[in-house]
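No value in this document is a laboratory result; all are computed from the given coordinates. All of these numbers come straight from a predicted model, not from anything done at the bench. With ideal geometry, Cβ positions are generated from the backbone for all residues, glycine too; neighbour counts draw on all protein chains shown.
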Amino acid sequence: MRDPASVTVSTKVVALAGNPNSGKTTVFNALTGLRHKVGNYPGVTVEKREGRLDLDDNTSAVLLDLPGTYSLHPNSPDERVASDILLGRSRYAARPACVLCIVDAVNLERGLYLVSQLLDQQIPMVIGLTMVDVALREGLRIDHKTLARELGVPVIPVLASRGQGVKELRQALRGATTPSRERAWRMPDIVEQECKELADMLVESDHLDRHLAFHEALHLLTSDDYAIGGQPQYSPAVLDHLVRDREKLEFMGINRNTVALDARYSWIHQVTATVVTGPNRSRSTSSDRIDRLLTHRFWGIVIFLGIMALMFQSVFTWAELPMEWIGAGFNFLASTIRSAIPPGDFRDLLVDGALAGVASVVMFLPQILLLFFFLGLLEDTGYMARAALIMDRFMSRFGLHGKSFIPLLSSFACAIPGIMATRTIENQRDRLVTMLVAPLMSCSARLPVYSLLIAATIPPIAVLGIVSLPALTLFGVYFLGLAAALIMATVFKKTLLRGTPPGFYMELPPYRLPGWKSIGMHMWERALVFLKNAGSIILGASILLWFLATYPKLEEGSASEKIQYSFAGRMGRSLEPVIQPLGFDWKIGVGLVSSIFQREIFVSTMSTIYNVQDKDDSGSVSLRDQMKRDKDPVTGRAVFGPLTGISLMVFYVFAMQCLSTVAVMRRETNSWRWPLFQIAYMTALAYSATFVVYRIGLSLGIS
């Protein structure tokens, strides 16, 4: 086994570039394992992922995973960061010493467009050719050795999910050098000449690198931009020369906007004709045939809803046994502590406060992992893009951009990455609308709340003999959040943020087998984050809530009277007049206030309150049973009946109760205006919707 002390981490930075959906993330995980970290680039809101890359037994480098991009001419903040780093003009990162460019073998021509731009810069580069197995299934064979000779850089076929080609990638990166061939594609002579003259002026006046000067000169000639690379303007001499060049090209009948594009693709077609053999690409592929069903206007929707229903049903049924094991383990630990420590406040703090609070949340870890497993499975197989296509037909009617689906779907896991994922939306109004409605999607932090309330208030009966009522209820609250997001998006697009969304274009990647290792690593990372929160934030909150629910002590009286006399009881009683019209009592009020920090703290709050109230009981930490048997001392009715459970779930669907989301919203919009507006409208929506649901339930005789 290698001694970690003998490993030298060099300052060499290897940039991982490629198109979206090209398999870049899978390659990054295969090369770095769990030795990577996620943050943000200083001064911008684009996610930064970097990890340690072992080049051989003694040296390592830094692997920088750049946002996906189709070219070095950016159209979004993510693409801007990627192109600036690759071109060496970023203020926040040095130009990488080497580039690992991931190219999808099924979409070789599209990937080679970015490769051609990188080759122009003469950056040391290695190409990782992914999806080779999918290409073979479609009858396509790519001669990677000939492709390497045509490009002048190493080309390594890689199947990262199975570890194939990973060792060869490391070896190629260790010896990567400048491409052995100069630029192979050529434009008409007059364009080449004018581009060279303009590049010479940029080198002289702006002291640009020769290759970067060519890139910017070409972009200036073939676009309508004057300011490239964040520079406010060029010298008058450069601009005068640029105007004359543009007029000359237009006079000669040359289409400035397509001349470079046509020249690149002419060369790319020649390369692919040389290295690719197989059927005509216009022929229907297996993915095309599957899409005829999965993206069908009617059956596509039916299948999508069926997959979602299966996911939520499995979250309940498959997680039940491991949840029981976790509960049994915590019960055993509680009993052990009770028998080892004499009665008193210290034992109550450990068992009824810290242990009960943490246990009540950790029990839901299997459900959260299953949710992330299914989301990862849908992403890896290629179905997620089809779901976006299906949903776009609905979202466009509500004023949402088609690209909004991925941020909204990401918000099912957490609203924070969902809001950050809106950076791919070019139109600022469409992006802002998506950010405003993203927290309406039920995130994984709400899953423990829903699961607890469903288990305590919804009877486990089958509907039509197929789906259980608890699973159907969970599906309903998730669907309610999606429906609310669409409705509010319509309201915003017709009032505050008027505008027409542009056309929706999304690449449909080929169907492929999931990368089980990648999915497993993602689940492991989510488990660590969840347990870290349970061991820090939730533990601290549980201890604080135990103190508030225990002190000051009432010497005489029932358990209910004693806890009502405490700080927590007094706070809950003060809130009760406000929340009573919603069917909530003072205990729920305490839970609502505490969950402002994190939604799942509601579960630990209820656990702490009930364990303090019932501390003379058998010592079980089963919160569900405690809530089921709780009765109102005045009316004798169940505190947590079906109507209260449904009303409380409705409140949590709409309420903005996560300070971390507020902070990210502030950072992404660079203003407090929109986060405060978001809190106001979601709180009003939560209160009014819950009030209506509760009153309708009462009128129907539901208790």
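Return the label of the correct value of volume of the Cα convex hull per residue in Å³, as calculated from the structure shown, out of (i) 191; (ii) 233; (iii) 170.
Entry (i).
For a paramagnetic label modelled at 7 Å from the Cα of L377 toward its Cβ, which residues of the range 515-532 fall within the zone defined by backbone nitrogen distances under 13 Å?
515-516, 519-520
Please state the charge dipole magnitude for the chain, taken about the Cα centre, from unit charges on C-beta atoms (+1 on K and R, -1 on D and E), reported in debye and rounded to the nearest 20.
The calculation lands at about 900 debye.
Note the full-extension length gain between I341 and K196 as 0.36 nm times their separation in residues minus their Cα-Cα distance, in nm to one decimal.
43.9 nm
Where does helix 299-317 land angle-wise versus the long Cα axis of the chain, in degrees 0 to 90, nearest 10?
50 degrees
Nearest 0.05, what FRET efficiency do R91 and I290 give at R0 = 45 Å with Cβ-Cβ as r?
Between R91 and I290 the formula returns 0.50.
For the chain, what is the percent of antiparallel DSSP beta bridges, rounded to the nearest 5?
In the chain, DSSP labels about 45 percent of beta bridges as antiparallel.
For a quick protection proxy, order the peptides 520-528, 375-383 by their average other-Cβ count within 10 Å, most packed first.
375-383, 520-528
In nm, give the distance between the simple-model label positions of R183 and L544, each being 7 Å from the Cα along the Cα-to-Cβ direction.
Distance between label points: 6.0 nm.
Order these peptides, 78-84, 109-115, by their mean beta-carbon neighbour count within 10 angstrom, highest first.
For the peptides 78-84, 109-115, the packing ranking is 78-84, 109-115.
Taking the dipole about the Cα centre of the chain, with the C-beta of Lys and Arg at +1 and of Asp and Glu at -1, give me whichever of I390, V639, L474 is farthest to the positive side.
Of the candidates, V639 comes out farthest on the positive side.
When a/c is below 1.5 the answer is rounded, else prolate if a/b is larger than b/c, else oblate, so apply that to the range 4-174 with a ≥ b ≥ c taken from the square roots of the Cα gyration tensor eigenvalues.
Oblate, because a/c is 1.5 or more while a/b does not exceed b/c.
If one computes the Cα centroid of the range 331-407 and of the range 144-171, what distance in Å separates the two points?
39 Å
So for each of 321-328, 511-518 I average, over its residues, the number of other beta carbons within 10 Å; can you give me the resulting order with the highest mean first?
Top to bottom by mean Cβ count within 10 Å: 511-518, 321-328.
Straight distance only, please: which lysines reach the Cα of K493 with their own Cα at less than 17 Å, same-chain residues fewer than 8 apart left out?
Of all the lysines, those that pass the test against K493 - Cα under 17 Å, at least 8 places apart if same chain - are K403.
Which distance in nm do the two modelled labels at L659 and S235 give, with both placed 7 Å along the Cα-to-Cβ direction?
Taking the two extended label points, one gets 5.4 nm.
Give, as a single signed number, the net charge of other residues whose beta carbon lies under 11 Å from the beta carbon of M131, with Lys and Arg counted +1 and Asp and Glu -1.
Residues near M131 contribute -1 overall.
Calculate, in nm to one decimal, what E247 and D224 gain on full extension: separation in residues at 0.36 nm each, minus their alpha carbon distance.
Result: 7.0 nm gained on full extension.
Farthest toward the dipole's positive end in the range 161-214, which of S161, T177, L208, given Cβ charges of +1 (Lys, Arg) and -1 (Asp, Glu) about the Cα centre?
S161
Multiply the residue gap between R637 and A680 by 0.36 nm, knock off their C-alpha separation, and tell me the result in nm, one decimal place.
Once the chain is fully extended between R637 and A680, it gains 12.1 nm.
Which value at 222 nm does the chain reach when only helices count, each DSSP H run of 4 or more adding -39,500 (n - 2.57), with the total divided by all residues and rounded to the nearest 500 deg cm²/dmol?
-18000 deg cm²/dmol
Once you place label points 7 Å from the Cα toward the Cβ at R174 and S536, how far apart are they in nm?
It works out to 3.7 nm between the two label points.
Express the relative contact order of the range 4-174 as a whole percentage, based on alpha carbon pairs under 8 Å and six or more residues apart in sequence.
23 percent
Of P577, G68, G253, which is farthest on the positive side of the dipole of the chain, counting Cα position, with +1 on Lys and Arg Cβ, -1 on Asp and Glu Cβ, and the Cα centre as origin?
P577
Which pairs, out of K12/K517; K145/K517; K48/K532; K24/K494, put more than 32 Å between their alpha-carbon atoms?
K24/K494
For Cα pairs less than 8 Å apart in space and 6+ apart in sequence, what is the mean separation divided by the residue count of the chain, i.e. the relative contact order in percent?
11 percent
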